[in-house]
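Structure, as structure tokens:
Rule-based calculations on the coordinates, nothing more; no lab input. Not measured: the values here are computed from a predicted model. Glycine gets a Cβ as well: all are built from the backbone with ideal geometry, and neighbour counts include every protein chain shown.
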Amino acid sequence: MKPLGRAGLRVGPCAFGGAGIGNLYRAIPDEQADATVATALAAGVRYFDTAPHYGLGLSERRLGAALADVPRDELVLSTKVGRLLVDDPDGADRRDDEGFDVPASVRRVRDYSRDGVLRSLESSMRRLGTDRIDVVFVHDPDDHYDEALRGALPALAELRAQGVIGGFGAGMNQWEMLSAFVEHADPDVLMLAGRYSLLDQSGLALLDTCAARDVSVVAAGVFNSGILARDRPPADAHYNYVRADPALIERANRIADVCERHGCTLPQVAVQFPLAHPAVATVCLGAKSPEQMARNAALFETPVPDELWRDLVKAGLLGADVPVPS
């Protein structure tokens, strides 16, 4: 278990990402969502992350229902602010157009103001069926830097000081703005998606800064949109949400060659790699079926041999300055 933020929260290596149970890309029944969360609990997972964005509140509602009988003090819950959900009766006959297979009966309004944060958190707690959120992330403020810095982040700092939330930060697919937030907003937890993985270590400088400033990092997107999610990347693999360049697929296959020589799999190495950095508290993986969740949890069970990391460095597939497990 590692600390998450500065409020005494502790988490295991595997965290549950709630986008899948919000009907990401395709709908799943409530029973499947509930069974997926139950499988996570049975595997020892106690940190669950979600967001209003995921299924227009569906992920939060399902997660709240699935965790209702678990003692609250045994759980770490995080959600996000920045996308306020507003009723939209005119959209009831349409489907959501942002990747989730749900009716568009509510719509997202980007709101990174103090008032927006408070309203969003109140709604999230109602959907989750809880009276507190352990960690709150400002969600994807890429085009809203000033509003987030002046509105959302100070509001969350105030709530942290009051003990209303345990910690706060931002969750993004880029490291540059997160670095600015560390410099100017005193977060204690960040979620970095896709920028610290076997194929992309561009976020290393951010992680080094976080380690020096006692800021925890939740590593997300470690499969880089799927290219690292299988033992071998398929020819039509995706990277950063688009078709992967052939050269990148070839690099992933070279990493897989090293993995196989040491009796490991590419996904196993992908999830364990970020945990070697002292700033990384946990790796967040999404799941939308019990089978997928069980497979995710199993990836952390057998440590990767030290020799594998050394071979990746020798082959030029990892930088010599990148921390590896030892």
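How would you rank 134-142, 170-178, highest first, on the average number of other Cβ atoms within 10 Å across their residues?
So the peptides 134-142, 170-178, ranked by packing, come out 134-142, 170-178.
Mind telling me which of K80, K314, K288 comes out most flexible in a GNM of the chain, alpha-carbon contacts under 10 Å?
Of the options given, K314 has the highest mean-square fluctuation.
At a 10 angstrom cut-off on C-beta neighbours, averaged per residue, how do the peptides 266-274, 95-103, 35-43 rank from highest to lowest?
Result, highest mean Cβ count within 10 Å first: 266-274, 35-43, 95-103.
Of all DSSP beta bridges in segment 176-326, what percent run antiparallel (nearest 5)?
DSSP beta bridges in segment 176-326 are roughly 20 percent antiparallel.
May I have the convex hull volume per residue, in Å³, for the Cα set of segment 201-268?
103 Å³
Just the number, please: Stokes-Einstein D of the chain in µm²/s, Kirkwood Rh from C-alpha pairs, 25 °C, 0.890 mPa s.
Rounded to a whole number, D works out at 123 µm²/s.
Please give the direction-averaged projected area of the C-alpha convex hull for segment 95-187, in square nanometres with one decimal.
Its average projected convex-hull area is 6.5 nm².
Enter the mean projected area of the convex hull around the alpha-carbon atoms of segment 1-156, in nm², rounded to one decimal.
Computing the convex hull of the Cα atoms and averaging its projections yields 9.5 nm².
What translational diffusion coefficient, in µm²/s and rounded to a whole number, does the Stokes-Einstein relation yield for segment 182-326 at 10 °C and a viscosity of 1.306 mPa s, taking the hydrodynamic radius as the Kirkwood radius over Cα pairs?
The Stokes-Einstein estimate is 102 µm²/s.
Quick check on the exposure proxy: order D231, D111 from fewest to most C-beta atoms within 10 angstrom.
Taking fewest neighbouring Cβ atoms as first place, the list is D231, D111.
Quote the relative contact order of segment 109-160 in percent (integer), defining contacts as alpha-carbon pairs under 8 Å separated by 6+ residues.
54 percent
What are the radius of gyration and Dmax of segment 142-244, computed over its Cα atoms and given in Å?
Values for segment 142-244 (Cα only, Rg and Dmax): 15.6, 51 Å.
Once the mean 1/r over all distinct Cα pairs of segment 8-71 is inverted, what Kirkwood radius in angstroms do you read off?
11.9 Å
Sort 207-213, 197-203 by packing, meaning the average of other beta carbons within 10 Å per residue, with the highest value first.
Output ranking for 207-213, 197-203: 197-203, 207-213.
With every atom except the alpha carbons ignored, what do you get for Rg and Dmax of segment 160-204, in angstroms?
12.1, 40
At a threshold of 8 angstrom on Cα-Cα distance, excluding pairs fewer than six apart, so keeping six or more, what relative contact order does the chain reach in percent?
18 percent
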